[in-house]
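Right, one structure below, let's go through it.
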Amino acid sequence: MPSRRFADGEMVMGRWPGSVLYYEVQVTSYDDVSHLYTVKYKDGTELALKESDIRSQSSFKHRKSQSSSSSPSRRSTSRSRSRSPGRPAKGRRRSSSQSREHKDDKKKTVQETSLALQVLKPSENNTRRYNGEPDSTEKNDTSCIILEQKLKPDLEIERVLEQYSLRPRKEEKKKEEIYSEKKIFETIKTIEKASSKTKELEFGGRIGTFTLIFFLPATVFYLLLMCKQDDPSLMNFPPPLPALESLWEARVFGVFLLWFFLQALFYLLPIGKVVEGLPLSNGRKLQYRINGFYAFILTAAAIGILLYFQFELRYLYDHFMQFAVSAAVFSMGLSIYLYIRSLKAPEEELAPGGNSGYFVYDFFTGHELNPRIGSFDLKYFCELRPGLIGWVVINLAMLLAEMKIQNQSVPSLAMILVNSFQLLYVVDALWNEEAILTTMDITHDGFGFMLAFGDLVWVPFVYSLQAFYLVGHPTAISWPVAAAITILNCIGYYIFRSANSQKNNFRRNPADPELAYLKFIPTATGKGLLVTGWWGFVRHPNYLGDIIMALAWSLPCGFNHILPYFYVIYFICLLVHREARDEHLCKQKYGLAWERYCQRVPYRIFPYIY
Ligand code: NDP
């Protein structure tokens, strides 16, 4: 017995999630494990559908001619073509030999098409006008809203109706229809992201990722080496390489391991609330303990005790390169372990972006989405603990080293600014730890070399470059300049924090009365896209805030060298690339609704520039 009914490449009719509408779609793949088809709509949206939500085109041709003479369904299907996420069935001549199944389909579909008319009618002369115009057009975007309502609780449906001034003529009847469809929609919602093979490779594919595995450690090595030079001009010839044996010291590696496992111990402490992450492709939600801020407090206490007992934190500065090498070796070992264990992970637990079947690519991007040892979530732990908290400890070590080396009784103003700004950033991330659960790193990217190296090496050793630079290159700044830089950092922080909180709160509880002032475009997946507030200003306001802060962190280092500006330059590149990745994913997830959002909010990160 064949396990699948439709072949790759076949044009079929796919039900749009939550609706009674069928659109012409192309089958792109089939997953033997979940028995789901990945189909592509004409607007580029890709979804995974059950076989029961797919019909052959011939069954639609059949129906169409049946209803062509007098039924309103004909009008509805042809009108909806221009506005729908994909295209509805085109009327074609009925085939003479239809199967029994097709006859059954026929009955159902005549009902469905007339329902489609009811559903779509209110929007048909509105959606075409929806082209980024302000509120008045948004309010009438009923077709999307009706799809959206199917998975929202009553309260939210009411809110959407109110917010968009929707008063459908047969409101009660429609509600009944909506609720009767709810069950179907929920089923589809949980399966639509079922994992399948990664087809579109990022980061330059196999060659790109292979190169990055060497290029990233080499960059860290180069930056740290340059920063130690008296004249760290990038125009200079690179300094001679240090002897290989000077890069490794077992004791340093031991201290690194101690640090890592101390943080793991703090992570395991049963303090702090436990929250659920976003639903996975199989509908399951993982639990996460939120105790990063407590871990930070405990770490601060531990460092305080060390300082009290005259421990020289400068040891970190003196062995900085060796620590970086230890962290790099550890992250490579961790990545190998992660890849090996991912080979045994069930298909549904693999990362949507790291399941290409190519070893190098999956090793780099991360094969398994949420690798866990029992309840210990390795990715979640590494994202915010050893590297991020380590970064502020390194900064503190640099501050103490500067005082010692420059014979100062107090740290320089520049060093204080860099330390304070970055401390604020880290404390903020830990205080708002829950927000990380909705980020791309947690929901989309697997845990492989990219994140392991990024979290454990790149963040602590590259992000602390300004403080490292200031130890050997003292920079005097005046109080007014310091005040101006502080204001810049505060502006960046305000944008970054309020944008992230706005989206995070909206994602967690769209019906929150405190967010009732925000408008959003509903999407067929059940999630809305904010079009007012920060997310109506630019498409990634949080990136804008982050970049402004990055600039404020570099400015205290003056303008003698470009090296301390490496962070802001790299960060702009990172976020521009990340933004493009995110847009691509959102386009796949939300299709037409995302295009509408882009029309409504034309700038990506920098208003009127980009
Ligand atoms: P974002 O927090 O920017 O989230 C992007 C997601 O938000 C999209 O995939 C989409 O997901 C959702 N979304 C997009 N537009 C809207 C909208 N209009 N309304 C509602 N939801 C929307 O992702 P990141 O993980 O990239 O960034 C998180 C934070 O981390 C940022 O502040 C960033 O600056 C920072 N960051 C810092 C780094 C560092 O090294 N310091 C590195 C990377 C990021 P969905 O619809 O599925 O919810």
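Among the criteria (1) near the ligand (Cβ under 10 Å from one of its atoms); (2) within 23 Å of A482 (Cβ to Cβ), the one I562 does not fulfil is (1). Only one of the listed residues (V471, V418, V426) is in contact (Cβ under 8 Å) with a residue 40 or more places away in the chain, among the β-branched types (V, I, T) and within 13 Å of the ligand (Cβ to nearest atom). That residue is V426. Quick check: is even one residue across segment 483-492 of a type in the set (A, V, I, L, M), surrounded by fewer than 20 Cβ atoms within 10 Å (Cβ to Cβ) and not in a helix (DSSP H, G or I)? There is no residue in segment 483-492 that is of a type in the set (A, V, I, L, M), surrounded by fewer than 20 Cβ atoms within 10 Å (Cβ to Cβ) and not in a helix (DSSP H, G or I).
The rows are residues; the columns are (1) part of a helix (DSSP H, G or I); (2) buried (at least 24 other Cβ atoms within 10 Å of the Cβ); (3) in contact with a Ser or Thr (Cβ under 7 Å, 6 or more places away or on another chain); (4) polar (S, T, N, Q).
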residue: G390; (1), (2), (3), (4): yes, yes, no, no
residue: A401; (1), (2), (3), (4): yes, yes, no, no
residue: M415; (1), (2), (3), (4): yes, yes, no, no
residue: Q422; (1), (2), (3), (4): yes, no, no, yes
residue: P480; (1), (2), (3), (4): yes, no, no, no
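For segment 390-424, the set of residues classified as within 32 Å of the chain's Cα centre (by Cα) and either aliphatic (A, V, I, L, M) or at pLDDT below 95 (or both) consists of V392, V393, I394, L396, L417, V418, L423, L424, listed by residue number.
Could you look through segment 526-537, keep only residues that are in a loop (DSSP other than H, G, I, E, B) and more than 8 Å from the ligand (Cβ to nearest atom), and pick out the one that is surrounded by the most Cβ atoms within 10 Å (Cβ to Cβ)?
Here the residue is G526.
Among the residues making up segment 585-610, those that are more than 10 Å from the ligand (Cβ to nearest atom) and not hydrophobic (A, V, I, L, M, F, W, C) are K587, Q588, G591, E595, R596, Q599, P602, Y603, R604, P607, Y608, Y610.
Table: residues versus (1) assigned to a strand (DSSP E or B); (2) touching a strand residue (DSSP E or B) at 6+ places or on another chain (Cβ under 6 Å); (3) modelled with pLDDT of 80 or more.
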site	(1), (2), (3)
D8	no, yes, yes
V25	yes, yes, yes
S34	no, no, no
T38	yes, yes, yes
A48	yes, yes, no
F60	no, yes, no
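Only a single criterion out of (1) surrounded by fewer than 20 Cβ atoms within 10 Å (Cβ to Cβ); (2) at negative phi is not satisfied by N407, namely (2).
Scanning segment 539-558 for residues that are within 10 Å of the ligand (Cβ to nearest atom) and either out of contact with any Gly (no Cβ under 9 Å at 6 or more places or on another chain) or modelled with pLDDT under 90 (or both) gives R539, H540, N542, Y543.
Listed here are the residues, each with its yes/no results for (1) surrounded by fewer than 18 Cβ atoms within 10 Å (Cβ to Cβ); (2) out of contact with any Leu (no Cβ under 6 Å at 6 or more places or on another chain); (3) among the acidic types (D, E).
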site	(1), (2), (3)
G558	yes, yes, no
V568	no, no, no
L574	yes, yes, no
K587	no, yes, no
G591	no, yes, no
W594	no, yes, no
R600	no, yes, no
P607	yes, yes, no
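Among the residues of segment 493-519, the one identified as over 19 Å from the mean Cα position of the chain (by Cα) and within 10 Å of the ligand (Cβ to nearest atom) is L518. Listed here are the helices (runs of 4 or more DSSP H) enclosed by segment 230-339 that have at least 3 residues being surrounded by fewer than 18 Cβ atoms within 10 Å (Cβ to Cβ) and of a type in the set (G, A, S): 250-268, 292-308. Exactly one residue out of V457, V471, V426 is closer than 18 Å to V568 by Cα, touching a Phe, Trp or Tyr at 6+ places or on another chain (Cβ under 8 Å), assigned to a helix (DSSP H, G or I) and aliphatic (A, V, I, L, M): that is V426. With respect to the conditions (1) closer than 12 Å to F447 by Cα; (2) in contact with a helix residue (DSSP H, G or I) (Cβ under 6 Å, 6 or more places away or on another chain); (3) surrounded by fewer than 24 Cβ atoms within 10 Å (Cβ to Cβ), V360 falls short on a single one, namely (1). Being aliphatic (A, V, I, L, M) and in contact with a helix residue (DSSP H, G or I) (Cβ under 8 Å, 6 or more places away or on another chain) is the filter; apply it to segment 565-584 and report the residue that is nearest to the ligand (Cβ to nearest atom). Filtering first and then ranking leaves L575.
Considering only segment 363-373, how many residues are surrounded by fewer than 19 Cβ atoms within 10 Å (Cβ to Cβ) and either touching a helix residue (DSSP H, G or I) at 6+ places or on another chain (Cβ under 8 Å) or closer than 11 Å to K197 by Cα (or both)? Residues that pass the stated criteria total 1.
The values are calculated or read from the model by the stated rules, or taken from the named source; none is laboratory data. Because the structure is a prediction, the values reported are computed rather than measured. Backbone-built Cβ (ideal geometry, glycine too); neighbour counts: all protein chains shown.
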